[in-house]
Amino acid sequence: MTAQIIDGKAFAAGLRERVGTVAADFEAKSGRKAGLAVVLVGEDPASQVYVRNKGKQTLACGMKSFEHKLSADTSEADLLAVVEKLNADPAVDGILVQLPLPSHMNEQKVIAAINPDKDVDGFHVVNVGRLSTGLPGFVPCTPLGCVMLLKDQLGSLSGLDAVVVGRSNIVGKPMAQLLIAESCTVTVAHSRTQDLPEVVRRADIVVAAVGRPEMVKGEWIKPGATVIDVGINRVPGAEEGKTKLVGDVDFASASEVAGAITPVPGGVGPMTIAVLLRNTIVAAHRNAGIELDESTI
Ligand code: NDP
């Protein structure tokens with residue numbers, strides 16, 4: 001079997017287009033543009049690239065982008081003061097504090113300071129609780145993007161066996177919650193799981209969020225399963241001195257067995273910012289009390 005390739009890049013482009021349409025409608029109804037504020041502390045090169053891309057894509061969708069770049073030696077108190085200001089600013093609908101933060105800051109404390117109704121990253125414990133109890137809130141962007149791709153590929157996920165490899169707060173755990181909400185039978189695997197290949201082999205849906213290059217092999221995959229590869233790992237490329245990106249799934253062998261699979265790059269990666277923009281326009285409507293059928297985006 002040769003798997004169908006799930007084109008996350010194309011899906012994300014379509015999602016950004018829908019967000020743009022809804023953002024224009026929001027502006028017409030509210031008399032202002034929806035706004036996303038991103039706070040970056042320090043000079044981590046990968047974070048700088050993410051923040052730049054977020055800013056560009058926010059503007060391209062017809063929303064306002066506010067960037068707050070703080071030096072690496074900023075105190076936690078000063079960062080919390082910036083977050084408080086953004087909480088109080090009516091032009092800001094969504095707030096994202098780029099992680100990781102420098103080691104002298106307590107990430108949980110900073111996330112807890114964000115108004116949960118502006119927490120478009122979905123990391124605040126209030127939103128974690130809302131997700132696990134089925135209340136409307138904000139869901140972390142990467143796992144929500146994965147579910148969107150799965151539903152686009154498979155339609156209803158009800159009754160399917162899903163295995164999520166990884167139990168982080170930003171991917172694995174919210175992914176499991178979302179799949180439970182879609183009525184899948186969910187197993188969460190991690191570094192202490194016994195006989196991981198056998199566990200993965202049970203799955204109709206495999207989500208790999210491990211951070212280990214090409215760990216999940218083709219022989220672990222049930223024939224015809226749908227494989228979502230969240231991993232982004234930079235490894236040495238074929239040419240000396242060059243690097244390339246690979247996922248947590250061994251694409252060459254897995255694509256021979258799976259029914260459908262996301263590639264790396266071009267699969268889950270592009271979904272994350274697109275879903276962030278979606279969450280921001282949803283926040284704008286909720287905060288302004290303007291009705292929106294959220295299922296259409
Ligand atoms: P974390 O490091 O926070 O979590 C990794 C998880 O994988 C842990 O639960 C860990 O288990 C588990 N794990 C590690 N080794 C093994 C193993 N040998 N067997 C089974 N499980 C194992 O990573 P994240 O969740 O933050 O990210 C995962 C991957 O997704 C990374 O490659 C990251 O770059 C990528 N990513 C991509 C995003 C995107 O936009 N596409 C966004 C976010 C992440 P334990 O808990 O027991 O330690």
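Below are the figures for this structure:
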{"item": "Odd one out for Lys69 among (1) more than 19 Å from the chain's Cα centre (by Cα); (2) outside any loop (DSSP other than H, G, I, E, B); (3) without any contact (Cβ under 8 Å) to a residue 12 or more places away in the chain", "result": "(3)"}
{"item": "Evaluation of Pro102 against (1) within 30 Å of Leu154 (Cα to Cα); (2) open to solvent by less than 70 Å² (accessible area, probe 1.4 Å); (3) in contact with a strand residue (DSSP E or B) (Cβ under 8 Å, 6 or more places away or on another chain) (one fails), failing number", "result": "(1)"}
{"item": "Within the range 260-275, tally of residues that are open to solvent by less than 10 Å² (accessible area, probe 1.4 Å), assigned to a helix (DSSP H, G or I) and near the ligand (Cβ under 10 Å from one of its atoms)", "result": "2"}
{"item": "Number of positions in the range 219-253 that are of a type outside the set (Gly, Ala, Ser), open to solvent by 50 Å² or more (accessible area, probe 1.4 Å) and more than 9 Å from the ligand (Cβ to nearest atom)", "result": "12"}
{"item": "Residues that are in contact with a Lys or Arg (Cβ under 7 Å, 6 or more places away or on another chain) and β-branched (Val, Ile, Thr), drawn from the range 87-129", "result": "Val92, Ile95"}
{"item": "Qualifying residue in the range 10-21 (condition: crowded, with 20+ Cβ neighbours inside 10 Å and in the same structural domain as Pro100 (by TED's automatic domain parsing))", "result": "no"}
{"item": "Subset of the range 73-98 that is in a loop (DSSP other than H, G, I, E, B) and among the charged types (D, E, K, R) - its residue that is most open to solvent (accessible area, probe 1.4 Å)", "result": "Asp73"}
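The values are calculated or read from the model by the stated rules, or taken from the named source; none is laboratory data. Bear in mind that the values here come from a model prediction, so they are computed numbers and not experimental data. Don't worry about glycine lacking a Cβ; one is built from the backbone with ideal geometry, like all the others, and counts go over all protein chains shown. All accessible areas refer to the heavy atoms of the entire protein, side chains included, with ligands and DNA or RNA removed. Shrake-Rupley method; radii C 1.70, N 1.55, O 1.52, S 1.80 Å.
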